[in-house]
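Novice: One structure is given below, represented as structure tokens, and several questions about it will come after.
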């Protein structure tokens, strides 16, 4: 599965658009990571626990989107956009969406 | 059946329950507020120490950013969707993200500074530093995947609230392509 955030896949011709595919996830970390973040907050800087949380969440969202595209029989997903929102303390929603397309045979 | 004022008195008694003596000796009170007030100097001391360490971390981070940016200069980044000749099959989505936060002391200073409004330079520095870090992570991923150009790059900034602290997430994403040489 080729994923891009431009309107085409370089070097390929798109034959058919299969429509919107999306994947989203709401993830939280366990309390231990939050307590770790509290102590990291004394000195500031990168909060590794939350960085990890968002990277994992984004991977999960992309894999869900890819599954949906595969079930449609797509070859690639183009024009992918991402959003992140903070849902509640220690949890974030990651959403990824794009257009599933099929190549020329 | 108890009268309402009896219930209120009972409730007040329950709320006024004393913490164990060793706890009071150690922390100087039986509530969080008592602790903060009676240990004011210690609280400010920890805050100031955190601030000093944070400033040191910031300088160290800026040095490491400059050092890591130098070897990644061959990866070109732009915002256009068009691309000249490139190899098919190599295009991938690349993501770099980082979550950064201020120390509590500076957050407190900023809360006072916000009363006046205007540019809040500590936050400007924080988000710029975070964005550079996110871009470097994106370029590192590009390097790993063997692509040498990133097109249509987008940036996003989101406030992330943890259970105890508020942080900012910076993300950069784009399409990596391999130009024909």
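Novice: Given a 10 angstrom Cα cut-off, can you work out which residue in B:99, B:43, B:127 is the most mobile in a GNM of chain B?
Specialist: Comparing B:99, B:43, B:127 in a Gaussian network model of chain B, the most mobile one is B:43.
Novice: If you wrap chain B's Cα atoms in a convex hull and average its projection over all directions, what's the area in nm²?
Specialist: Details: hull surface 76.1 nm².
If you wrap the Cα atoms of chain B in a convex hull and average its projections, you get 19.0 nm².
Novice: Only Cα pairs under 8 Å and at least 6 apart count here; give the relative contact order of the stretch A:25-99 as a rounded whole percent. Please report the intermediate quantities before stating the final value.
Specialist: Numbers: 81 pairs, mean separation 29.5, N = 75.
Computed value for the stretch A:25-99: 39 percent relative contact order.
Novice: I'd like the antiparallel share, as a percent to the nearest 5, of DSSP beta bridges with both residues in the protein assembly as shown.
Specialist: That works out to approximately 90 percent antiparallel.
Novice: Quick one: P(r) of the stretch B:74-181 from all Cα-Cα pairs, 10 Å bins, percents rounded to integers, in order of increasing distance.
Specialist: Final binned percentages: 14, 37, 24, 16, 8, 1.
Novice: Something else: Quick check on chain B: helices-only [θ] at 222 nm, where DSSP H runs of length 4 and up contribute -39,500 (n - 2.57) each and the sum goes over total residues. Nearest 500, please.
Specialist: Helices in chain B give a 222 nm mean residue ellipticity of -16500 deg cm²/dmol.
Novice: Right, next: Of B:158, B:31, B:92, which is the most mobile in a GNM of chain B whose springs link Cα atoms less than 10 angstrom apart?
Specialist: B:31
Novice: Also, quick follow-up: Of all beta bridges DSSP finds with both residues in chain B, what is the antiparallel percent, to the nearest 5? Present the calculation step by step, with values, prior to reporting the outcome.
Specialist: On the way: 22 of 24 bridges.
Taking every DSSP beta bridge with both residues in chain B, the antiparallel ones total about 90 percent.
Novice: So if R0 is 41 Å, what FRET efficiency would residue A:52 and residue B:9 give, r being the distance between their Cβ atoms, rounded to the nearest 0.05?
Specialist: After rounding, the FRET efficiency stands at 0.25.
Novice: Per residue and in Å³, how big is the convex hull formed by the alpha-carbon atoms of the stretch A:2-103?
Specialist: Per-residue hull volume (Cα only) is 96 Å³.
Novice: Need one number: convex hull volume per residue for the protein assembly as shown, Cα atoms only, in Å³. Please list the in-between numbers first.
Specialist: Numbers: hull volume 57.5 nm³, N = 286.
That works out to 201 Å³ per residue.
Novice: Among A:43, A:80, A:21, which one moves the most in a GNM of chain A with springs linking Cα atoms closer than 10 Å?
Specialist: It is A:43.
Novice: Please give the Cα centre distance for the stretch A:84-105 versus the stretch A:1-66, rounded to the nearest Å.
Specialist: So the separation of the two Cα centres works out to 8 Å.
Novice: Write down the percent of antiparallel bridges among all DSSP beta bridges whose residues are both part of chain A, to the nearest 5.
Specialist: 90
FYI, it's all coordinate maths here, none of it is from the lab. Small disclaimer: the values here were computed from a predicted structure and weren't measured. Quick reminder, even Gly has a Cβ in these numbers, built from the backbone with ideal geometry, and neighbours come from all protein chains shown.
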